[in-house]
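Read through the structure below, which is laid out as structure tokens, and then see the notes.
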Amino acid sequence: MDPLANAMEDRNTDNPPRVVLRRDLGEPAPIPASGLRRAEQVMQRGYITRYGEFGREQSEVALLEKDFAAYLGCRYAVALNSCGSALFLALLSTGVQPGDRVLLNAFTLAPVPGSIVHAGAVPVFVECNDQYLIDLGDLARKAETGAGVLMLSHMRGHIADMHAVTELCRRHGITLIEDCAHTLGAKWDGTPSGRFGEVACYSFQSYKHINAGEGGMLVTDDPDIAAKAILYSGSYMMYGQNGAAPAAEVFARHQASIPNLSLRMHEVTAAIARPQIQLLEERGRAWNASYQDLAARLAAVEHVTVPARDSREEYIASSIQFSFTGISAERIARIVDRCAAQGVGIKWFGRPEPRGFTSHFEHWGYAPEQPLMNQTREILSRLCDMRIPLTLTPEDRRLIVQVIADSIQATR
Ligand SMILES: *Cc1c(COP(=O)(O)O)cnc(C)c1O
């Protein structure tokens, strides 16, 4: 029997829905065997603190910094305990002072405004457009308001026109910090994301492209920013052990004035993260194949919109975003609940109350009052997000889209 017919029947009979996806959309990428082996060796040796007095050849963290810098083609890389820490140190190391205004996308994840508040600075939100990107018109307006820094999240992997962004920043003397939590391996017009700003930050949290549970990386070509970030990260003056660090004389300029904040990465984290650099390409292909299939299927569903992406954007889509259009928020809530009951966990940014990864600017009371942000509010009220596990099969994808389509039908 056609499962679609089953789902249609439910509406009349009030039976529980029958089409169910039986797998976890939150399934993270597994740690490769080589990572497990390295982690075991490191633990057996016992030198697992962030700086042993053993020199840098043996430090997994230093090796990860070296490999990561080589992968991205940047001069310096500093491994930290999270991307949130990397964003925070990016602000401190580029000279942000308490009270400074920092621009950021209104559509972003909580650790981003969190890092700005952590630095004592003031988040100033920039509107999001219907391609889920930072709105360049609003950015140009807010660039006039005296902010010295733009912390740009390539939120959920969506990359704005980076030629336009960098030109705007240059014109206004704004320092660009890229939040690449979801764009490790992605490019804009041939240039890797993270190579446009003065600093870029990456995440190794389980739902990002390298899964080390927790972890972050700060990269830059600026020796002073790199030295400051290393000193802040807590080097106990053993910065000579870092894997991609500037020369000693650069540290000499800063070491007396930078406090030790203990934010460096753990050895075991680096041991499981490092072998995953080589897997990025293969993972990217798997994610994008799933994404493109899901996007095509979803685009064919009435009331679902998947925005077209710029051909210059070489994304790595470890998740998919779409909008429910032409239906009320109340109905979207029922659709999302119905999908959840059928095993399809859709994260919806339109909930009035903060929930999980979909909390948004209206929920962040620690940011001072912002202008109305009506455009972003309208976009978020329809915006949905779904993770793409690497092992998603064509049959899973067919089922997911069927559940969504059925739920739209059933809530009419
Ligand atoms: C995950 C994420 C972060 C923070 O990463 P953590 O490593 O969890 O601190 C920052 N920005 C965006 C857009 C993210 O998705």
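The values are calculated or read from the model by the stated rules, or taken from the named source; none is laboratory data. The structure presented is a predicted model; accordingly, all values stated were derived computationally and were not measured. Reconstructed Cβ throughout: ideal geometry from the backbone, glycine too, with neighbour counts over all protein chains shown. Heavy atoms of the whole protein, side chains included, go into the accessibility calculation; ligands, DNA and RNA do not. Shrake-Rupley method; radii C 1.70, N 1.55, O 1.52, S 1.80 Å.
Distant-in-sequence amide contacts of Ile174, defined by a placed amide H-H separation under 5 Å and a gap of 5 or more residues or a different chain, comprise nothing.
Taken one residue at a time, the phi angles of the stretch 404-412 give Karplus couplings (6.51, -1.76, 1.60, θ = phi - 60°) of 5, 4, 4, 5, 5, 4, 5, 9, 4 Hz. Gly and Pro are set to x. Solvent-accessible surface of the chain, averaged per residue with a 1.4 angstrom probe and all protein chains in place: 40 square angstrom.
Please figure out what share of the DSSP beta bridges in the chain is antiparallel and state it in percent, rounded to the nearest 5. Before the final figure, lay out the partial values.
Numbers: 26 of 42 bridges.
Just about 60 percent of them are antiparallel.
Computed from the C-beta positions of Tyr366 and Glu167, the FRET efficiency with R₀ = 45 Å rounds to 0.90.
Roll a 1.4 angstrom probe over the protein heavy atoms and tell me the percent of accessible area of the stretch 282-354 that is carbon or sulfur. Display every interim value, and only then the final one.
On the way: 1620 of 3050 Å².
C and S fraction of accessible area: 53 percent.
Surface composition of the stretch 33-275: carbon and sulfur make up 50 percent of the accessible area, probe 1.4 Å.
P(r) tail for the stretch 33-275: Cα pairs beyond 25 Å make up 38% of the total. Calculated FRET efficiency, Glu395 to Arg141, Cβ-Cβ distance, R0 = 51 Å: about 0.60 to the nearest 0.05.
How much length would be gained if the chain were fully extended between Glu281 and Glu249, taking 0.36 nm per residue of separation minus their Cα-Cα distance, in nm to one decimal?
On the way: separation 32, 0.36 × 32 = 11.52 nm, distance 3.71 nm.
Working it through step by step, the gained length comes to 7.8 nm.
Remark: spin-label model distance Thr191-Thr305 equals 3.0 nm, labels positioned 7 Å along the Cα→Cβ axis.
Using just the Cα positions, wrap the chain in a convex hull and report its mean projected area in square nanometres, one decimal place. Intermediate results must be reported in sequence, preceding the final value.
Numbers: hull surface 82.0 nm².
It is 20.5 nm².
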